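Notes follow the structure.
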Amino acid sequence: MIRVLLSGQRMDWEEYGELLPAALTDAGIEAEVIRERAPRSPETIDYIVYAPWSDMKDFSPFTGAKAVLNLWAGVEDVVTNETLTAPLARMVDPGLTAGMVEWCVAHALRHHLGIDRDVCRRDAAWDPCVPPIARERPLTILGLGVLGCAVGGALSDLGFPVTGWSRSGKDVSGMTCLSGEDGLVEALRMAELLILLLPLTPATEELMNAERLTFLPKGAILINPGRGPLIDDDALLAALDSGHIAHATLDVFREEPLPRDHPFWAHPGITVTPHIASATRPDTAVGVLVENIRRGEAGEPLLHLVDRFRGY
Ligand code: NDP
Ligand code: OXD
């Protein structure tokens, strides 16, 4: 009998508390699923399902933990925790991916088609302005991981010329793939629409700084469902004020909730959404958790392991 701890505060532990034991049983794994702040005999816990921003900061009592299974794709809040010595897996969930594709496609199309402008008001001029079609709007995605590839694939299927950029060179069908500093400059220069789907690491923090924002074509649109600190906030505000960037749709921020007095709220060129671009869906995510537990028990390599050195 293995012991699986659901760690930290989370609204939907109720849901996982039901789904996870049932899915483990279906997989033939005998397990006790525990939801306690301070479980008895922490050294006998085999797996920790970790809710991001949980109040668990000290993993050292869990000396027998075979893995920590993060419920989010992003791991920046836990990856640098020195008390964590067990392997760390991040979440790759088909439900999360589907949600991110829909959110990015919706916001890309909103700007591409000029939907805000075209919704007619009785007191405004009747001003037909035919939007371009996708093939006329080059679009760049920074980050060609699980989410960047899925979003890029959907946008490419709609006809957008998609360029993607990542740390290592990639070959993704329907996309021009670039890497390295020169590749980044090239990717930005052609980005009428730019989507950030990078993880937050020391190497990506403030990647979109004042200089790199100037590489974008005038009037570019920036969409950030990645992480807030990927962008230098002040540089973004300056680029919007100068008209170099036409609009930014931001789902993630340095501080969340976005403080009430933050200048992003009042800026007419910024759309704020409350970190809802996507989310892990318990009904599909439990399958991912169970598969990693099965692998752990069978001595097989775990899926979606985080490289602690790279930070993602
Ligand atoms: P992956 O780990 O699958 O992909 C990360 C991508 O970023 C990879 O292509 C990687 O390159 C690239 N990358 C990392 N560091 C660098 C760097 N220094 N320079 C260039 N490229 C780099 O992550 P996911 O696609 O699953 O998720 C991406 C991020 O999306 C998450 O980390 C999270 O921050 C965010 N997210 C936001 C959500 C929201 O609701 N707003 C929901 C879910 C995720 P390589 O391929 O070479 O390794
Ligand atoms: C995630 C997120 O990283 O929801 O999964 O932001």
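I want the local charge near residue 87. Using Cβ-Cβ distances under 13 Å, sum +1 for each Lys or Arg and -1 for each Asp or Glu among the other residues. It would help to have the intermediate numbers written out before the result.
Values: positive: 66, 90, 295, 308; negative: 46, 300, 307.
For residues surrounding residue 87, the net value is +1.
Ratio of Rg to Rh for segment 193-285, alpha carbon only, Kirkwood? Intermediate values should be presented prior to the final figure.
Numbers: Rg = 13.4 Å, Rh = 13.6 Å.
We get a ratio of 0.98 for segment 193-285.
Is the shape of segment 128-248 rounded, prolate or oblate, going by the alpha carbon gyration tensor and its root eigenvalues a ≥ b ≥ c, with a/c under 1.5 for rounded and a/b larger than b/c for prolate? Could the numbers behind the result be given before it?
Working: a/c = 1.74, a/b = 1.04, b/c = 1.68.
Note, shape of segment 128-248 comes out oblate.
Give the distance, in whole Å, between the Cα centre of segment 1-69 and the Cα centre of segment 170-213.
37
Quick one: net charge around residue 3, please, counting Lys, Arg +1 and Asp, Glu -1 for every other residue with C-beta under 9 Å from its C-beta.
Values: positive: none; negative: 32, 46.
With Lys, Arg at +1 and Asp, Glu at -1, the net is -2.
Cross-link partners among aspartates and glutamates for residue 57, C-alpha distance below 20 Å, same-chain residues fewer than 8 apart left out?
36, 43, 46, 76, 77, 82, 255, 256, 307
Order these peptides, 133-140, 160-167, by their mean beta-carbon neighbour count within 10 angstrom, highest first.
Details: 133-140: 18.4, 160-167: 23.1.
Top to bottom by mean Cβ count within 10 Å: 160-167, 133-140.
What is the distance in Å between the Cα centroid of segment 85-128 and that of segment 219-282?
13
Using the count of nearby Cβ atoms within 10 Å as a rough guide to exposure, how do 79, 101 rank from fewest to most? Please list the in-between numbers first.
Working: 79 21, 101 18.
Least to most surrounded, the residues fall as 101, 79.
If each of residue 123 and residue 157 carries a label point 7 Å out from its Cα toward its Cβ, how far apart are those two points in nm?
4.3
Please report, for the Cα atoms of the chain, the Rg to one decimal and the Dmax as a whole number; what are they, in angstrom?
Final numbers for Rg and Dmax: 21.5, 71 Å.
Kindly provide the Kirkwood hydrodynamic radius of segment 1-87 in Å, to one decimal, from all pairs of distinct alpha carbon atoms.
On the way: mean 1/r = 0.0757 Å⁻¹.
Evaluated on segment 1-87, it is 13.2 Å.
Quote to one decimal, in nm, the extra length available between residue 298 and residue 276 on full extension: 0.36 nm per residue of separation minus the C-alpha distance between them. Could you put the intermediate results ahead of the total?
Working: separation 22, 0.36 × 22 = 7.92 nm, distance 3.56 nm.
Stretched fully, the residue 298-residue 276 segment lengthens by 4.4 nm.
In a GNM of the chain with a 10 Å cut-off on Cα contacts, which of 302, 71, 236 has the highest mean-square fluctuation?
302
Just rank 62, 253, 309, fewest to most, by other beta-carbon atoms within 10 angstrom.
On the way: 62 24, 253 20, 309 7.
If I rank by nearby Cβ atoms, fewest first, I get 309, 253, 62.
Provide the net charge surrounding residue 15, with neighbours chosen by a C-beta distance below 12 Å and charges set as Lys +1, Arg +1, Asp -1, Glu -1. Let's see the in-between values first.
Details: positive: 10, 35, 281; negative: 12, 14, 18, 283.
Charge balance in the 12 Å sphere: -1.
Values quoted throughout were computed directly from the atomic coordinates according to the rules given, and no laboratory measurement underlies them. From a predicted model like this one, the values you see are computed outputs, not experimental measurements. Glycine gets a Cβ as well: all are built from the backbone with ideal geometry, and neighbour counts include every protein chain shown.
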